[in-house]
Amino acid sequence: MVERSCCVTGHREIPIDRLDFIKQELDREIRLALMEGYRTFLTGFAKGVDILFAECVSTRVDKYPEVFLEAVLPYPGVVSRLSVEERVLLSKCNGIKTICEKYQHSCFFQRNRYMVLHSKRVIAVYDGRAGGGTLFTMDYARSMGRELRIIEL
């Protein structure tokens, strides 16, 4: 675990009427983390929350040039599904970690475990559903004793 590192987990679908709120809350959490000395931020770089998180972190680099933004990709093929704007955002990341050489059923879970293991704080954007990757990641973060900060979707 990196002492001052933070990752994000959250849903891919964000209702349009909640989008501004989620952006505002992610930005608030990132500002707070920066004030507390966090400088390493990890994102799974999936559509939705992960991309919003990466956008918010990347806007802070001018003020905090020591920020390290790492994209943690489950497998290389996800890059081909990114939009042009998302590829530009990916190019702004300081590091790219690829978890599996090719797609396998568990690669998304492996990515999420990697991010939790390498973070002290986990920011979760969660809608209360009883299953899925976000809940799994939140439960794993709790089991590993990570600080969990929840933004209600």
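The values are calculated or read from the model by the stated rules, or taken from the named source; none is laboratory data. Because the structure is predicted, anything quoted here is derived from the model rather than measured. Positions of Cβ are generated from backbone atoms using ideal geometry, with glycine treated the same way; all protein chains shown enter the neighbour counts.
A few remarks follow.
- Out of Arg121, Arg146, Arg113, sole residue that is surrounded by 15 or more Cβ atoms within 10 Å (Cβ to Cβ) and in contact with an Asp or Glu (Cβ under 7 Å, 6 or more places away or on another chain): Arg121
- Positions within region 90-127 being over 18 Å from Tyr75 (Cβ atoms), among the polar types (S, T, N, Q) and not in a loop (DSSP other than H, G, I, E, B), in sequence order: Ser91
- Region 62-113, subset under 24 Å from Gly37 (Cβ atoms) and among the acidic types (Asp, Glu), residue modelled with the lowest pLDDT: Asp62
- Selected residue (only one of Met138, Met35 is touching a residue at least 40 places away in the same chain (Cβ under 8 Å), closer than 26 Å to Arg18 by Cβ and aliphatic (A, V, I, L, M)): Met138
- Count of region 1-50 residues, restricted to those that are hydrophobic (A, V, I, L, M, F, W, C), within 15 Å of the chain's Cα centre (by Cα) and closer than 27 Å to Arg81 by Cβ, is 12.
- Checked against the criterion of being closer than 18 Å to Tyr126 by Cβ and in contact with a helix residue (DSSP H, G or I) (Cβ under 9 Å, 6 or more places away or on another chain), the candidates Leu73, Leu52 yield just one match: Leu52.
- Evaluation of Tyr103 against the conditions (1) within 13 Å of the chain's Cα centre (by Cα); (2) farther than 14 Å from Glu70 by Cβ shows that the sole unmet condition is (1).
- Residue within region 7-17 that is out of contact with any Lys or Arg (no Cβ under 7 Å at 6 or more places or on another chain), aliphatic (A, V, I, L, M) and assigned to a loop (DSSP other than H, G, I, E, B) present: yes
- Looking across Glu70, Glu36, one residue alone is of a type in the set (Asp, Glu) and buried (at least 18 other Cβ atoms within 10 Å of the Cβ). It is Glu70.
- Restricting attention to region 73-97, the residues that are within 26 Å of Ala141 (Cα to Cα) and buried (at least 16 other Cβ atoms within 10 Å of the Cβ) add up to 6.
- Qualifying residue in region 40-59 (condition: surrounded by 18 or more Cβ atoms within 10 Å (Cβ to Cβ), among the β-branched types (Val, Ile, Thr) and touching a Ser or Thr at 6+ places or on another chain (Cβ under 6 Å)): yes
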